[in-house]
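The block underneath contains the structure these notes are about, expressed in structure tokens.
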Amino acid sequence: MLKIAFSPIYKYELPEKHRFPMIKYELIPEQLLYEGTVSEDQFFHPDPLTEEEILWTHDAAYWEKLKTQTLSKKEIRAIGFPMSENLIHRGRHIANGTVQCALYARKYGVAMNVAGGTHHSFTHKGEGFCVFNDIAIASNYLLHHGIAKKILVVDLDVHQGNGTAQIFQHDDRVFTFSMHGEKNYPHRKVPSNLDIGLPDKTEDGPYLKALRETLPRLIDEVQPDQVFYLSGVDVIYSDKLGRLSLSLQGCRERDEFVLKTCKANNLPVAISMGGGYSERLAHIVEAHANTFRVAEEVFF
């Protein structure tokens, strides 16, 4: 069964005309249920992370600022969301959703979080709509408990995974791979173990060629026993913040290749949704929904 992490707390109230499409966290489950791709019993509501689990990844000083709501105006501006206790509570649920997905993936092959992919969160700060780094937290959870020994992060969000790269820059148990828009945010990139920066307007053909040439080789070289896949759909042509030019079908083929490659290598894969900022909400929901459809088709 495809297990999916979701809670109503995922949707956070934002000021009118805020550029983050928070409503997608309600619309994605609704669409998947409406079309019959999934059923209600596939969703689970993750509990919040414990403080101990947070501190395996994030600095105590950063956590204290979040907990006591004492981030500076500059730090809040870098995150990009209005700060509140509810935002921190929300982040603890989302990140633990990815932890639980990693555990479910080891049982069923794959599991998915409706949110997550918060790869701009560093050990000591947040930015770019990211407070906690869910994939880093889940990776450290598996490593701490001896559940995994070697982890591969496949980050295909259009923005480079600078926070994840920073967190694991001195930890050879986690291999970070980011394929992203070279000229896009963040302008100062923290080197991943492997970065592939793509030019603006990259279309399906060159994008998929680069991925197909890279991922199987990486799996052979890294020999992971767990994969985290950040499946951001901000790579599509209509994305306001993306600058690449994949079609919806090309984005779906990307997901299909990643998941078929993981399955062929008997690798459990936990998926976090990442970004999607198209003008039309229908494009965002369709692109994200495709990832769930593909996971059902490939694994079940």
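Key figures
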{"item": "Test: residue in segment 139-152 that is crowded, with 24+ Cβ neighbours inside 10 Å, of a type in the set (D, E, K, R) and not in a helix (DSSP H, G or I)", "result": "no"}
{"item": "Matching residues in segment 199-211 - criterion: being in a loop (DSSP other than H, G, I, E, B) and buried (at least 18 other Cβ atoms within 10 Å of the Cβ)", "result": "THR202"}
{"item": "Candidate set from segment 1-14 (those that are open to solvent by less than 70 Å² (accessible area, probe 1.4 Å) and more than 30 Å from LEU143 (Cβ to Cβ)); member that is nearest to the chain's Cα centre (by Cα)", "result": "LYS11"}
{"item": "Residue match in segment 232-243 (condition: touching a strand residue (DSSP E or B) at 6+ places or on another chain (Cβ under 8 Å), of a type in the set (S, T, N, Q), more than 21 Å from THR118 (Cβ to Cβ) and open to solvent by 10 Å² or more (accessible area, probe 1.4 Å))", "result": "yes"}
{"item": "Wholly enclosed helices (runs of 4 or more DSSP H) of segment 18-121 bearing at least 1 residues farther than 25 Å from TYR141 by Cα", "result": "24-35, 73-79"}
{"item": "Test: residue in segment 183-191 that is assigned to a strand (DSSP E or B) and within 20 Å of ARG217 (Cα to Cα)", "result": "no"}
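A quick yes/no check of all residues on (1) of a type in the set (A, V, I, L, M, F, W, C); (2) crowded, with 24+ Cβ neighbours inside 10 Å; (3) modelled with pLDDT of 95 or more:
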| site | (1), (2), (3) |
| --- | --- |
| ASP157 | no, yes, yes |
| GLY163 | no, yes, yes |
| ILE167 | yes, yes, yes |
| ARG173 | no, no, yes |
| GLY181 | no, no, yes |
| LYS189 | no, no, yes |
| LEU194 | yes, no, yes |
| GLY197 | no, no, yes |
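The values are calculated or read from the model by the stated rules, or taken from the named source; none is laboratory data. From a predicted model like this one, the values you see are computed outputs, not experimental measurements. Positions of Cβ are backbone-derived with ideal geometry, glycine not excepted, and every protein chain shown enters the neighbour counts. Remember, those area values only see protein heavy atoms, side chains included, never the ligands or the DNA or RNA. Shrake-Rupley method; radii C 1.70, N 1.55, O 1.52, S 1.80 Å.
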